[in-house]
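Taken together, the values in this text are just the output of simple stated rules run on the coordinates, not laboratory data. Bear in mind the structure is a predicted one, so any value in this text is a computation, not a measurement. Cβ atoms come from the backbone with ideal geometry, glycine included; neighbour counts cover every protein chain shown.
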Amino acid sequence: MTMAAMNAIDPDLLRSFVSIAETGSFTEAARRCLRTQSAVSMQMKRLEDGLGRPLLDRSGRAVQLTADGERLLVHARRILAAHQEAISAFTEPDLQGSLRLGTPDDYATSFLPAILSRFAESHPLVHIEVVCDSTARLSTQLADGTLDLSLITVGEHDDTDRLLVREPVVWVTSPHHCVHERDPLPIALFPPGCTFRRWALSALAAKGRAFRHAYTSLSMAGLVAAVRAGLAISVLGCSTVPDDLSVLRAGDGFSTLPNYAIALRRGGTERARLADCLEQHIIASFGIAAARAAGPPGAAEAAVA
């Protein structure tokens, strides 16, 4: 099939493609999409043949996206989100009520604006109250029924119901200052109980690096402000690092930190119908199939997350 013959792209092909991009593995993508590995391989051949471009580089240990694959990924996520929104608009056009959605502060800044905007287009009568707090406190609110749904941060080996994305945690600094060379090292971290904080402190202790707690903030904006001013370094999820900050690597004397995952967790809500719609919308917006995470992933998962 040539590009001229490919007048439309099957959403199932895009779901499998996005799953490969998220996991770096045909095996894991097949598990997510509830297909066999050979079926996913055939789907990718069909997609690449139809577009007339190689989308995946299979030469390494983990499957990587080519430049054309990176371009397609952006469109694929938009198409899948729009596809889910179209279905929701006709299956639940008059859905109304209210939900309480929890999220850590940094996800509210990075991900929620686009998600809530698209959800409002297909479900204009649904009122959503957003609660920003730490993962520990959000988990407590989910357990006691205060929240209906929440985005949460989970560790490298946590098993969650809805895994949205997995990626590295990185050290960040201002490119205009040499704060990372100071001794003791000034650090800006989220409050105690934060997984990122625990990993950062463990890494510094393992290297015997002296440090001092310069700033603590529950808000990502507070941490970023301290880093931008050259007052401290911090640790953030890779996708949430502002463009004007620099990532510190092993060559700068900083250990590689574990990978983390953003997951979606349900509370004991009585508003199941509303929660189902928002849950499926969030999953589609993150560009992955609504599938359960199947245990701890291999190192390949982080390569293209």
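Bridges between two residues of the chain, per DSSP, are antiparallel at a rate of about 60%. Take every Cα pair under 8 Å whose residues are at least 6 apart in sequence, average their separation, divide by the length of the chain, and the relative contact order is 27 percent.
For the chain, what is the charge dipole size about the Cα centre, in debye to the nearest 20, if Lys and Arg each add +1 at the Cβ and Asp and Glu each add -1 at the Cβ? Walk me through the numbers before you get to the answer.
On the way: 30 positive and 33 negative charges, 125 e Å.
It works out to roughly 600 debye.
With 0.36 nm allotted per residue and the present C-alpha distance subtracted, the residue 247-residue 12 stretch has 81.0 nm of extension available. With R₀ set to 41 Å, the beta-carbon distance separating residue 273 from residue 74 gives a calculated FRET efficiency near 0.85. Extension gain for the segment residue 46 to residue 221, taken as residue separation times 0.36 nm less the Cα-Cα distance, is 58.6 nm to one decimal. If the segment from residue 61 to residue 201 were pulled out straight at 0.36 nm per residue, it would be longer than the present Cα-Cα gap by 47.3 nm.
Neighbours of residue 115, meaning other residues whose beta-carbon lies under 12 angstrom from its beta-carbon, give a summed charge of -1 when Lys and Arg score +1 and Asp and Glu score -1. For the pair residue 266 and residue 140, label points projected 7 Å from Cα toward Cβ lie 2.5 nm apart. Against the set (i) 34, 58, 8; (ii) 29, 59, 13; (iii) 31, 55, 14, 0, the structure's computed P(r) over Cα pairs in 20 Å bins from 0, in percent falls on (iii). Modelled spin-label separation between residue 36 and residue 96, with each label point placed 7 Å from Cα along the Cα-to-Cβ direction: 5.0 nm.
Between amide H atoms placed 1.01 Å from N, distances below 5 Å from residue 254 occur with 249, all of them 5 or more places distant or on a separate chain.
When the stretch 11-86 is described by a simple charge dipole with +1 on each Lys and Arg Cβ and -1 on each Asp and Glu Cβ, the residue from 81, 30, 17 located farthest towards its positive end is 30. Expressed as an acute angle from 0 to 90° and rounded to the nearest 10, what is the orientation of the C-alpha long axis of helix 195-207 relative to the principal long axis of the chain? It is inclined by approximately 50 degrees. Residues 18, 154, arranged from fewest to most other Cβ atoms within 10 angstrom of their Cβ, appear as 154, 18.
Of the peptides 74-80, 136-142, the ranking by mean beta-carbon count within 10 Å, highest at the top, reads 136-142, 74-80. Modelled this way, with points 7 Å down the Cα-to-C-beta line, the labels at residue 27 and residue 176 are 4.8 nm from one another. What whole-number distance in Å separates the alpha-carbon centres of the stretch 30-61 and the stretch 220-291? That distance is 27 Å. The C-alpha atoms of the chain define a longest principal axis, and helix 11-23 lies at about 20 degrees to it.
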